[in-house]
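The values are calculated or read from the model by the stated rules, or taken from the named source; none is laboratory data. Not measured: the values here are computed from a predicted model. We place every Cβ from the backbone using ideal geometry, glycine too, and count neighbours over all the protein chains shown. What goes into the accessible areas is simple: the full protein's heavy atoms, side chains included, and nothing from ligands, DNA or RNA. Shrake-Rupley method; radii C 1.70, N 1.55, O 1.52, S 1.80 Å.
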Amino acid sequence: MAITILAIESSCDETAAAISVDGKIMSNIIAGQAVHEKYGGVVPELASRAHMQNIVPVVDQAIKDAFNIGSEKLPPAILEKIDAIAFTQAPGLIGCLLVGAQFAKSLALSLNKPLIAVHHMQAHVLANLIPENRPSFPFLCLTVSGGHTQIVLAKSPLDLEVIGQTIDDAAGEAFDKTAKLLGLPYPGGPLIDKYAALGNPLKFKFAEPQIPELNFSFSGLKTSVLYFLQKQSPEFIQANQNDLCASVQYTIVQILLKKIKKAVQQTGVNQVCIAGGVSANSGLRNGLTEMGEKHGWKTFIPAFEYCTDNAAMIAITAHYKYLAADFAQLDINPSARAEFER
Ligand code: KG4
Ligand code: ZN
């Protein structure tokens, strides 16, 4: 019998819900939160409140889309088709996680269905299993988001090992913080990407850190950009915006690609995926594809909608957890920080 999962993601500033049937994504709804823009970053309290407002309509729409329901009201019998309710349990902003967790627990209790707790970073990696053209195990995944930068060795869906990570800022933070220095609004990553397409990536040189093993550091880059900009006039920065964005992006992408190359050499695994919000970056996508062609690796790049935070990745992870009968109790709590599950 087909396994149908309703998945909910609410770890940061996207309220998302998705339905999967046998690991195939049938719907994927995301509500963003424009409220944070004017603060230059996500305001946790406002994010939790927005999740409270969004979660019912988002889940409602995900169910309607998946089962082609045109009516205003959900027929109650449709909920019987759901075999399990999954939610993001960690890591994330605690107030935000609580909204999704509480909603999922209540639904699981009222429908008498099993509950599945999902680790957000594991889900980013497994987003690569959504398309038909997917990697086989083992594969490497560079997970680059606003909060994390990791190289993961995926041995099976539920056996992921972090073999490298950032010792300070995440790659997404490096994009967002340098964008802020350039006077761009939050989140600056996608804007750097946009302007970089029009600029010269080799015009300005910024510090590349020398960090051992497969670990990363981005705080030096941010300082290097800051010191450079402090010496320039606002007119210069304005006139060189595209080249500055292209050069910053180039530096970040080079840092990431060099470590991925090292990871392939160390592990002998040459199937390489990317995941997380920064994997939407065109410089990284193109750079990885080129590098893969040059070295004979198989590279996998998820569709944009599965790169940034979404519930489809929670659903696919929950699907594997369902197969392993890995269910959560109804008294489970979300947690802001949590080690990667093994
Ligand atoms: O995975 P995600 O949606 O949320 C977290 O779990 O953090 O990642 C968000 C991060 C932000 O830092 C955002 O600026 C960055 O991903 N991002 C990008 C692009 N799209 C999103 N960074 C560079 N280029 C992009 N196109
Ligand atoms: Zn994320």
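So that you can scan it fast, the table gives a plain yes or no per residue for (1) in a strand (DSSP E or B); (2) open to solvent by 50 Å² or more (accessible area, probe 1.4 Å):
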| position | (1), (2) |
| --- | --- |
| Asp60 | no, no |
| Asp65 | no, yes |
| Lys73 | no, yes |
| Ala77 | no, yes |
| Phe87 | yes, no |
| Leu107 | no, no |
| Lys113 | no, no |
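May I ask you to list pairs of residues, at least six apart or on different chains, whose Cβ atoms are under 6 Å apart, with the first in segment 191-208 being in contact (Cβ under 8 Å) with a residue 40 or more places away in the chain and the second being in a loop (DSSP other than H, G, I, E, B)?
Leu191/Leu184; Asp193/Asn281
Can you tell me which condition Val152 does not meet? The list is (1) hydrophobic (A, V, I, L, M, F, W, C); (2) surrounded by 18 or more Cβ atoms within 10 Å (Cβ to Cβ); (3) within 21 Å of Ser282 (Cβ to Cβ), and all the others hold.
(3)
Test each condition in (1) over 22 Å from Gln122 (Cα atoms); (2) open to solvent by 10 Å² or more (accessible area, probe 1.4 Å); (3) not small (Gly, Ala, Ser) for Leu244 and report the one that comes out false.
(2)
Cys96 versus (1) open to solvent by 40 Å² or more (accessible area, probe 1.4 Å); (2) within 16 Å of ligand 2 (Cβ to nearest atom): which is the lone unmet condition?
Only one criterion is unmet by Cys96, namely (1).
Being over 25 Å from Asp83 (Cβ atoms) and within 14 Å of ligand 1 (Cβ to nearest atom) narrows it down to one of Leu142, Leu126, so name that one.
On the way: Leu126 fails: over 25 Å from Asp83 (Cβ atoms).
After applying the criteria, what remains is Leu142.
If you scan segment 187-205, which residues turn out to be within 16 Å of ligand 2 (Cβ to nearest atom) and either modelled with pLDDT under 95 or of a type outside the set (Gly, Ala, Ser) (or both)?
The answer is Pro187, Pro190.
Note down all Cβ pairs under 8 Å where the first residue falls in segment 298-317 and is closer than 20 Å to Leu158 by Cβ, the second is among the hydroxyl-bearing types (Ser, Thr, Tyr) and open to solvent by less than 10 Å² (accessible area, probe 1.4 Å), and they're at least six residues apart or on different chains.
These pairs meet every condition: Pro302/Ser279; Ala312/Ser20; Ile314/Thr88; Ala315/Ser20; Ile316/Ser20.
Looking only at residues that are open to solvent by less than 40 Å² (accessible area, probe 1.4 Å) and assigned to a loop (DSSP other than H, G, I, E, B) in segment 190-210, which one is farthest from ligand 1 (Cβ to nearest atom)?
Going through the qualifying residues, I end up with Phe204.
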